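Trainee: Attaching a single structure in structure tokens format; questions to follow.
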Amino acid sequence: MKIIKTVYVLIPLNIFLALKWAPPVRGLGDLSRILFFHVPWAWVSLLAFLIAALYSLIYLFDKKNKFYSLEKKSYNSAFLGIIFTILTIVSGSCWAKLSWGSFWNWDPRETSIVVLLLIYIAYFSLLSSMPDSEKKHKIGAIYLILAIIIAPFFMFVIPRIYPSLHPDPIINSKKEIFLDNKIKITLAISIVSFTFLYFYLLELINKKKN
Amino acid sequence: MPEIIKNLKKDIKIEFRNRSALNLALAFALISTLTISLIIGGVPLEPKKEAIILWLIIFFSAISSLAYTFIREEEKKTILFLRLNFSAESVYFSKLIFNIFFFFIIQIIVAIFYVFFRQLEIQSLNLFILGLLGGGLALASTITILGAMVAKANGQSSLLAVISFPLLLPVLWMAVSSTTKSLTPNPFSSNPVFYNEIYFLLAFSGIMIAGSFIFFKFIWSSQ
């Protein structure tokens, strides 16, 4: 996958666009530039979780043992996922402190990302309690799949429990994006570059561990 | 079906022969209910706080008692016998049914004691009971499969709390919400929307049981 290597260009470009080219959001000033990192990190933490669960599913139903290394890849994806989740929480908390006055506000998206962090912690705790064996890989895989199966319930419940403070520029009832074009472009490039960075890092870890 | 009944009979017989798990679970549920009630004393709390405390007691009672069915098979080395004589599906369903009934007994006792000592005024008894049953079903169905995983991971009970908490959060939120509603006077109690949390808990249990049914054989066969 040579396209992933464009990450060497995309990440510096993303940093330049985020810090210099994109205008600050009205009312928030330069603080709004956190958006260009916080949103893609949140997306990558979710993507890593989905990919880890997908690898686990293929691993479990692979009767001919063609994809025996997928469980290790799933573990590596979850490992990257937990790092991006922590980055998302830290960047989100900084944003919350500066724009809403406190580091933690029990917003639905803040709560969702903490639940994701808890799932990652539980997954790693489960794996660390067993010696390296087929049993460990299977049980870890099933845990991730169960977590994915009940994810829609979280989507249903969390917004009903916690009122939202988050700005809703991407998905809203009018299905319109209320952002300056430069911000939209930078955000799109940012999401693509961090997605590529995730795949690049995943490939590197997979190669190293093999 | 006959396999499920046979295995269920075996579990009930073992349980009533020494009653260690039931006694321990009931003692834990009782002591935690009494301790919390005594600590709070006669201070009245809002319905939401009462519901949160009640469900925390129920959650930790579930954690301390429900994984035992699988851990016992691992500890007594009877797992190989079960694997040779019963299908994975029948073992799963027999353990699930056992856990559901076992947990309902614990829940009833916790609820009765909590309501009695805290002098709770239940405004909608139907919703209160349905909330307990729905929440209990969701807890039992989730902890049954997670208990099977923990039994394979050398049966550490603290591990069960760590891995079950993230998956059970929506259940606890909805169960607390339904119990809060049942303790609050509400003129719309005859409206079907009033029971939304119960539908949610039943849907969650259904999905969890279906998922567990599909994946249990992988846990069961892993060495």
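Every read-out reported here was derived from the displayed coordinates using simple, explicitly stated rules and does not represent laboratory data. These numbers come from a predicted model, not from an experiment. All Cβ positions, even for glycine, are placed from backbone atoms using ideal geometry, and neighbour counts span all protein chains on display.
Trainee: If you average 1/r across every pair of different Cα atoms in segment B:21-80 and take the reciprocal, what Kirkwood value do you get, in Å? Walk me through the numbers before you get to the answer.
Mentor: Working: mean 1/r = 0.0757 Å⁻¹.
Evaluated over segment B:21-80, this radius sits at 13.2 Å.
Trainee: Just to confirm the number: angle between the C-alpha axis of helix A:70-100 and the first principal axis of chain A, 0 to 90 degrees, nearest 10?
Mentor: 20 degrees
Trainee: Please give the average number of partner chain Cβ atoms lying within 10 Å of the Cβ of each residue in B:174-185, rounded to a whole number. Before the final figure, lay out the partial values.
Mentor: Details: counts 5, 0, 1, 3, 0, 0, 0, 0, 0, 0, 0, 0.
Per-residue shielding by partner chains comes out at 1.
Trainee: For chain B, what does -39500 (n - 2.57) per DSSP helix run (n ≥ 4), summed and divided by total residues, give at 222 nm, in deg cm²/dmol to the nearest 500? Numbers along the way, then the final one.
Mentor: Numbers: 9 runs with 184 residues, N = 223.
So the calculated ellipticity at 222 nm is -28500 deg cm²/dmol.
Trainee: Which loop-located GluC sites (Glu not before Pro) does segment B:36-137 contain, where loop means any DSSP state but H, G, I, E or B and the Cβ has at most 15 other Cβ atoms within 10 Å?
Mentor: Numbers: sites: B:Glu50, B:Glu73, B:Glu74, B:Glu75, B:Glu89, B:Glu121; in loops: B:Glu121.
Answer in residue order: B:Glu121.
Trainee: Pick out which of B:Ile58, B:Ile129, B:Ile198 has the largest mean-square fluctuation in a Gaussian network model of chain B, springs linking Cα atoms closer than 10 Å.
Mentor: In the Gaussian network model the winner is B:Ile129.
Trainee: Taking each pair of different alpha-carbon atoms in segment B:2-221 once, compute 1/r for the pair, average those values, and report the inverse of that mean as the Kirkwood hydrodynamic radius in Å to one decimal. The partial results should precede the final answer.
Mentor: Working: mean 1/r = 0.0556 Å⁻¹.
Radius from the Kirkwood sum: 18.0 Å.
Trainee: For the residue pair B:Lys76 and A:Ile86, what label-to-label distance in nm results when each label sits 7 Å from Cα along the Cα-to-beta-carbon direction?
Mentor: So the label points at B:Lys76 and A:Ile86 sit 4.4 nm apart.
Trainee: In chain A, which longest range has no trypsin sites (Lys or Arg not before Pro) that are both DSSP loop (not H, G, I, E or B) and surrounded by at most 16 other Cβ atoms within 10 Å?
Mentor: After excluding every exposed loop site, the longest remaining stretch is A:67-173.
Trainee: Taking the Cα-to-Cβ direction at A:Trp21 and at B:Asn196 and moving 7 Å from each Cα, how far apart do the two end points lie in nm?
Mentor: 4.4 nm
Trainee: Oh, and also: Give me the Debye-computed log₁₀ of I(q)/I(0) at q = 0.06, 0.07, 0.13 Å⁻¹ for the protein assembly as shown, equal point scatterers on Cα only, no solvent, two decimals.
Mentor: -0.31, -0.41, -1.19
Trainee: For B:Met1 and A:Trp104, what is the calculated FRET efficiency with R₀ set at 45 Å and r taken between the beta-carbons, to the nearest 0.05?
Mentor: On the way: r = 51 Å, r/R0 = 1.13.
For B:Met1 and A:Trp104, the calculated efficiency is 0.30.
Trainee: OK, next. Would you list which lysines come within 26 Å of A:Lys97, measuring only between C-alpha atoms, while excluding same-chain residues fewer than 8 positions from it?
Mentor: Hits, sequence-local ones excluded: A:Lys20, A:Lys182, A:Lys184.
Trainee: Roughly how far apart, in whole Å, are the Cα centres of segment B:90-117 and segment B:137-165?
Mentor: 16 Å
Trainee: Need one value for A:142-153: mean number of C-beta atoms belonging to other chains within 10 Å of its residues' C-beta atoms. Walk me through the numbers before you get to the answer.
Mentor: Details: counts 12, 8, 0, 4, 11, 3, 1, 8, 11, 1, 4, 13.
Mean number of neighbouring Cβ atoms from other chains: 6.
Trainee: Please compute, for the alpha-carbon atoms of segment B:9-52, the extent along each of the three principal axes and give them in descending order in Å.
Mentor: Principal extents (Cα only, largest first): 45, 18, 9 Å.
Trainee: If packing is taken as the average number of other Cβ atoms within 10 Å across a peptide's residues, how do B:31-38, A:49-56, A:85-92 rank, most packed first?
Mentor: On the way: B:31-38: 15.1, A:49-56: 22.2, A:85-92: 20.0.
The peptides rank, most packed first, as A:49-56, A:85-92, B:31-38.
Trainee: Same structure, new question: Under 5 Å between amide hydrogens, which residues at least 5 positions from A:Val25 or on another chain qualify, with H placed 1.01 Å from N in the peptide plane?
Mentor: A:Ser32
Trainee: Can I ask one more? Among B:Arg118, B:Arg17, B:Arg83, which one moves the most in a GNM of chain B with springs linking Cα atoms closer than 10 Å?
Mentor: Between B:Arg118, B:Arg17, B:Arg83, it is B:Arg17 that shows the largest mean-square fluctuation.
Trainee: Residues of A:55-63, mean number of Cβ from any other protein chain within 10 Å of their own Cβ, rounded to a whole number?
Mentor: For this peptide, the per-residue mean of nearby foreign Cβ atoms is 1.
Trainee: Between B:Ile39 and A:Asn65, with labels modelled 7 Å along Cα→Cβ, what's the label distance in nm to one decimal, could you check?
Mentor: 5.1 nm
Trainee: Under 20 Å between alpha carbons: how many lysine pairs meet that in segment B:2-221, if sequence neighbours fewer than 8 apart on the same chain are excluded?
Mentor: 23
Trainee: Evaluate E = 1/(1 + (r/R0)^6) for B:Arg83 and B:Phe116, where r is the Cβ-Cβ distance and R0 equals 45 Å; express this FRET efficiency to the nearest 0.05. Please list the in-between numbers first.
Mentor: Working: r = 44 Å, r/R0 = 0.99.
The computed FRET efficiency comes out at 0.50.
Trainee: Related question: Could you state, as a whole-number percent, how many of the C-alpha pairs of chain A are farther apart than 27 Å? Could the numbers behind the result be given before it?
Mentor: Values: 8304 of 21945 pairs.
Percentage above 27 Å: 38.
Trainee: So what is the calculated 222 nm ellipticity per residue for chain A, using -39500 (n - 2.57) for each DSSP H run with n of 4 or more, over all residues, to the nearest 500 deg cm²/dmol?
Mentor: Numbers: 7 runs with 145 residues, N = 210.
Rounded to the nearest 500, the figure is -24000 deg cm²/dmol.
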